[in-house]
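Read through the structure below, which is laid out as structure tokens, and then see the notes.
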Amino acid sequence: MSSAPLRVGMVGVGTISAQYFASFEKLPNLQLVAVADINEERAREVAAEHGVDARSVDDLFASDDIDAVLNLTIPATHVDVGLRAIEHGKHVFAEKPLGLSVTEARPLVEAADAAGVLLGSAPDTVLGTGIQTARAVIDDGVIGDVLGASVHWSAPGHERWHPNPAFYYQPGGGPLLDMGPYYITSLVTLFGPIIRVSGLATRSDRPRTVATGPQAGTPIPVAIDTHVTALLEHESGVSSQITVSFEVWATRSPLFEVYGTKGTLAVPDPNRFNDPVEVYTADTAEWRAVPETAGYRDSGRGYGLAELAEALHNNRQPRASGALALHVLDVMESIARAADERSVVTLHTTVERPETVPLSDRPEASENS
């Protein structure tokens, strides 16, 4: 059994939108109807390029031919845009983070529940074969009982590649809120919810300037911490440690490893969808590649929205849900608080560990999904 595709309106046509446009062609359960942006001229250009309508933001929310809003605006407007879409009865899938704080974002989750619409949030990278195959290795007991994990992501700073990077250095940005969601969402997907955290954070005073595009040479004021390290305690008993940084010029640190009683799992970069998984076990005493066993093959940004459409058809919550994003936001906010107070912080939210994604090419609106 199949159903009509979910009709989508995109709000925000900045840099990240190109990756979503590339995925729409591979996702038959989605139909992009219109785009909108605060820069209406830019919206018209993008709409013409992709053969869809350009509408004002207000008109897009009010449109009867749109079922769901894909929110690709900057972090500071994620909640406002989401609430306005929900008020018009639209399902919402948003870029990360869900909001700038738990206090700000919780009403978004509550509004979606009250309105009977679905709320999803990036990162949907966790739905690809990389994280999902790693999850299957853990669930199958290949590395025994999991004890802990180590995660490291770092770069000198996004100003080296992004043409308009200033927002990365304001509240809502920084390595924790920008890159943290990929890794923390993956940790929750692998090991379940987090109950306590501690952390340390700092920033340097080195000058930063835009390196590319028309703003090249423009100074960037820094209003956030740029190097963050945290220790996380999962409800399952697993401990994980994470470092995210805009201060590291080069590193040989492992990106993402999981340590078990029978071996070690090398998890691919959660900022990507489909990189290979490797495992080292005591009985083989060597690294070996793991065949893809779970997740969406050859996936990309937009698969989370397609999975939301599948969830809608099958009367369940999406795997990349608003509740998961709220918990991840709580983790990040608690890390920042722990770093500021030099304390251990207990979280206020929890979430169920998402179900594994069966190995498949794409989300399908079928009774067997």
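Coordinate-derived values only; no laboratory data. Since this is a predicted model, take the numbers as computed values, not measurements. All Cβ positions, even for glycine, are placed from backbone atoms using ideal geometry, and neighbour counts span all protein chains on display.
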Next on the checklist: If I take every Cα pair under 8 Å that is 6 or more residues apart in segment 126-290, average their sequence separation and divide by the length, what percent do I get for the relative contact order?
Outcome noted: 35 percent
Checklist outcome for this item: So for segment 193-348, using the alpha carbon gyration tensor with a ≥ b ≥ c as root eigenvalues (a/c under 1.5 gives rounded; past that, a/b versus b/c decides prolate or oblate), I'd call it rounded
Checklist entry - Going by a ≥ b ≥ c, the root eigenvalues of the Cα gyration tensor, does segment 247-312 fall in the rounded group (a/c under 1.5), the prolate group (a/b larger than b/c) or the oblate group? => result oblate
Checklist entry - Per-residue ellipticity at 222 nm for the chain, helices alone: DSSP H runs ≥ 4 residues times -39500 (n - 2.57), over residue total, nearest 500 deg cm²/dmol? => result -9000 deg cm²/dmol
Item to check | Per-residue HN-Hα couplings for segment 132-139 [Karplus 6.51, -1.76, 1.60; θ = phi - 60°; Hz; x = Gly/Pro] | outcome: 5, 5, 4, 4, 5, 4, 5, 5
Checklist entry - Which FRET efficiency value, to the nearest 0.05, is calculated for D140 and Q215 with the Förster distance at 51 angstrom and r the Cβ-Cβ distance? => result 0.55
Checklist outcome for this item: Plugging the Cβ-Cβ distance of E352 and W287 into 1/(1 + (r/R0)^6) at R0 = 22 Å yields, to the nearest 0.05, a FRET efficiency of 0.10
Checklist entry - Once the principal axes of the Cα atoms of the chain are found, what is the range along each, listed largest first in whole angstroms? => result 58, 55, 35
Checklist entry - In whole angstrom, how long is each semi-axis of the equivalent ellipsoid of segment 91-169, when you take the square root of 5 times every eigenvalue of its Cα gyration tensor and sort them from largest down? => result 29, 24, 13
Item to check | Listed residues G144, G304, G217, most fluctuating in the chain (Gaussian network, C-alpha, under 10 Å) | outcome: G217
Item to check | Within the chain: Cβ-based charge dipole about Cα centre, in debye rounded to nearest 20 (Lys, Arg +1; Asp, Glu -1) | outcome: 720 debye
Checklist outcome for this item: With Cα springs under 10 Å, the Gaussian network model of the chain assigns the largest mean-square fluctuation among L312, L176, L326 to L312
